[in-house]
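All remarks here apply to the structure that follows.
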Amino acid sequence: MESIPTILSMFLAVITALFRVVYDKEETSFVRILLESVLCGALAVVAGSGVNALGLDQEWTVFIGGVIGFVGSQSIRSYADIFLKNRVNGK
């Protein structure tokens, strides 16, 4: 039953992203709204694997799913770019 928090995390990310995009009126196309939501859900599943790899409690995956859905895939990508550039430049 270790996969239940990961599944909850995925659904939380999808639903939160869906509501966020619709509320903020970021996108008008149904397909783009759906893709943003699904991408956030996929990121939440990947983050759940990271939680396992780091040896953290499984309940962290639900928190991470909510955060990913709230900030969105574009913000996650921006944060990752900044992090990777800093690591490459030695900062």
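Since every read-out is calculated from the coordinates, none of them should be taken as a lab result. Worth saying up front: this structure is predicted, and the values here are computed from it rather than measured. Don't worry about glycine lacking a Cβ; one is built from the backbone with ideal geometry, like all the others, and counts go over all protein chains shown.
Assorted remarks:
- Taking percent of Cα pairs over 23 Å apart as calculated from this structure, the corresponding entry among (i) 66; (ii) 29; (iii) 19 is (ii).
- Rough spin-label spacing in nm, given labels placed 7 Å along Cα→Cβ, for VAL31 and PHE19: 2.8
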